[in-house]
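*Asks:* Dumping the structure here so I can ask a few things about it.
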Amino acid sequence: MSRLVVVIVFLLLTACGPAAPKKPSGATALTPEVMVAQVRSAGLQGKDLTVAPLRDPQVEDLRYTATQAEARKDIPAAQAAIDLALKISVMDPDLLQWQAELFLLKKNWVQAESFALLSYNKGPKLGALCRRNWKTLSFARRAKNDPAGAQHADQQIAQCTVTPPPRY
């Protein structure tokens, strides 16, 4: 009988213990760093013709500063550098997208979505930047519990790549 009591007490104690933590669903199951890595990787997929505009040297210095700050995981300093760059190169779609990615790192889904949309609207709507825009939108919407919006964003990624005509 005492064995039965011990088993019952053990079962009751384990049932009263803390519940196992729920695994988050969708994009929130990923760390922000993984999200940003996947966003940037999406930009590298495809064989796009890349046209690099001449940039203001001050903007280039600020981009370098932001890159160094991000490498140190100093996201506020990276954002401050990108903010200054955007004051010089107003509405630059690359800088807007970078800002969106920094907001992903801060788990600020609303701002990430806002900057990615702004970048998309100001950008070429094709190529690497377009894919990064939509991947950012996908993660931000999934994190905001908008699976339909995330699915729409995922579907738009394919529209960013234009296949070249066949060569004979």
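The values are calculated or read from the model by the stated rules, or taken from the named source; none is laboratory data. Quantities reported herein were computed from a predicted structural model and do not represent experimental measurements. Positions of Cβ are generated from backbone atoms using ideal geometry, with glycine treated the same way; all protein chains shown enter the neighbour counts.
*Asks:* Since residue 148 meets every condition but one in (1) in contact (Cβ under 8 Å) with a residue 24 or more places away in the chain; (2) in a helix (DSSP H, G or I); (3) farther than 18 Å from residue 35 by Cα, which condition does it not meet?
*Replies:* Residue 148 satisfies all of (1) in contact (Cβ under 8 Å) with a residue 24 or more places away in the chain; (2) in a helix (DSSP H, G or I); (3) farther than 18 Å from residue 35 by Cα except (1).
*Asks:* Same structure again: Restricting to the range 104-117, and then to whatever is touching a Pro at 6+ places or on another chain (Cβ under 8 Å) and in a helix (DSSP H, G or I), can you tell me which residue is surrounded by the fewest Cβ atoms within 10 Å (Cβ to Cβ)? Step through it out loud before you land on a result.
*Replies:* Step one: list which residues in the range 104-117 are touching a Pro at 6+ places or on another chain (Cβ under 8 Å), which gives 104-107.
Still in the running and in a helix (DSSP H, G or I): 104-105.
On the way: 104: 28, 105: 18.
The qualifying residue surrounded by the fewest Cβ atoms within 10 Å (Cβ to Cβ) is 105.
*Asks:* Which residues, taken from the range 136-168, are in contact with an Asp or Glu (Cβ under 8 Å, 6 or more places away or on another chain) and farther than 23 Å from residue 90 by Cα?
*Replies:* Pass one, the range 136-168, residues in contact with an Asp or Glu (Cβ under 8 Å, 6 or more places away or on another chain): 136-138, 140-141, 144, 161.
Within the range 136-168, 138, 140, 141, 144, 161 meet the criteria.
*Asks:* Among the candidates 153, 158, which residue alone is in a helix (DSSP H, G or I) and surrounded by fewer than 12 Cβ atoms within 10 Å (Cβ to Cβ)? Steps first, answer last, please.
*Replies:* Working: 153 fails: surrounded by fewer than 12 Cβ atoms within 10 Å (Cβ to Cβ).
Result: 158 is the single residue among 153, 158 that is in a helix (DSSP H, G or I) and surrounded by fewer than 12 Cβ atoms within 10 Å (Cβ to Cβ).
*Asks:* For the range 61-103, which positions are out of contact with any helix residue (DSSP H, G or I) (no Cβ under 6 Å at 6 or more places or on another chain), part of a loop (DSSP other than H, G, I, E, B) and touching a residue at least 12 places away in the same chain (Cβ under 8 Å)? Show your work before the answer.
*Replies:* First pass over the range 61-103, keeping only residues out of contact with any helix residue (DSSP H, G or I) (no Cβ under 6 Å at 6 or more places or on another chain): 61, 63-64, 67-68, 71-74, 76, 80, 83, 87, 90, 92, 94.
Now restrict to residues that are part of a loop (DSSP other than H, G, I, E, B): 72-74, 90, 92.
Within the range 61-103, just 92 meets the criteria.
*Asks:* Of the conditions (1) crowded, with 17+ Cβ neighbours inside 10 Å; (2) touching an Asp or Glu at 6+ places or on another chain (Cβ under 9 Å), residue 88 fails just one. Which one is it?
*Replies:* Evaluating residue 88 over (1) crowded, with 17+ Cβ neighbours inside 10 Å; (2) touching an Asp or Glu at 6+ places or on another chain (Cβ under 9 Å) leaves (1) as the failure.
*Asks:* Could I ask something else about it? Search the range 129-140 for residues that are more than 14 Å from residue 108 (Cα to Cα) and part of a helix (DSSP H, G or I) and pair each with any residue that is at pLDDT 95 or above and among the aliphatic types (A, V, I, L, M) when their beta-carbon atoms are under 7 Å apart and the residues are at least 6 apart or on different chains.
*Replies:* Final answer for the pair search is 133/116; 134/153.
*Asks:* Continuing with this model, one more query. Does residue 129 satisfy the condition of being of a type outside the set (Val, Ile, Thr), closer than 17 Å to residue 35 by Cα and at pLDDT below 95? Don't jump to the end; show me each part of the working.
*Replies:* On the way: of a type outside the set (Val, Ile, Thr): yes; closer than 17 Å to residue 35 by Cα: yes; at pLDDT below 95: yes.
Against the criterion (of a type outside the set (Val, Ile, Thr), closer than 17 Å to residue 35 by Cα and at pLDDT below 95), residue 129 qualifies.
*Asks:* When the range 83-112 is examined, which residues are found to be aliphatic (A, V, I, L, M) and within 21 Å of residue 34 (Cβ to Cβ)?
*Replies:* So the first thing to find is which residues in the range 83-112 are aliphatic (A, V, I, L, M), and the list is 84-86, 88, 90-91, 95-96, 100, 102, 104-105, 110, 112.
Across the range 83-112, the qualifying residues are 100, 102, 104, 105, 110, 112.
*Asks:* Taking residue 113, is it of a type in the set (Asp, Glu) and either closer than 15 Å to residue 42 by Cα or in contact with a Lys or Arg (Cβ under 6 Å, 6 or more places away or on another chain) (or both)? Can you show your working first?
*Replies:* Numbers: of a type in the set (Asp, Glu): yes; either closer than 15 Å to residue 42 by Cα or in contact with a Lys or Arg (Cβ under 6 Å, 6 or more places away or on another chain) (or both): no.
In short, no.
*Asks:* I've got another one for you. For residue 44, state whether it is free of Cβ contacts under 8 Å to residues at least 24 places away in the same chain, surrounded by fewer than 18 Cβ atoms within 10 Å (Cβ to Cβ) and not basic (Lys, Arg). It would help to see each step written out before you state the result.
*Replies:* Details: free of Cβ contacts under 8 Å to residues at least 24 places away in the same chain: no; surrounded by fewer than 18 Cβ atoms within 10 Å (Cβ to Cβ): yes; not basic (Lys, Arg): yes.
No: the conditions fail for residue 44.
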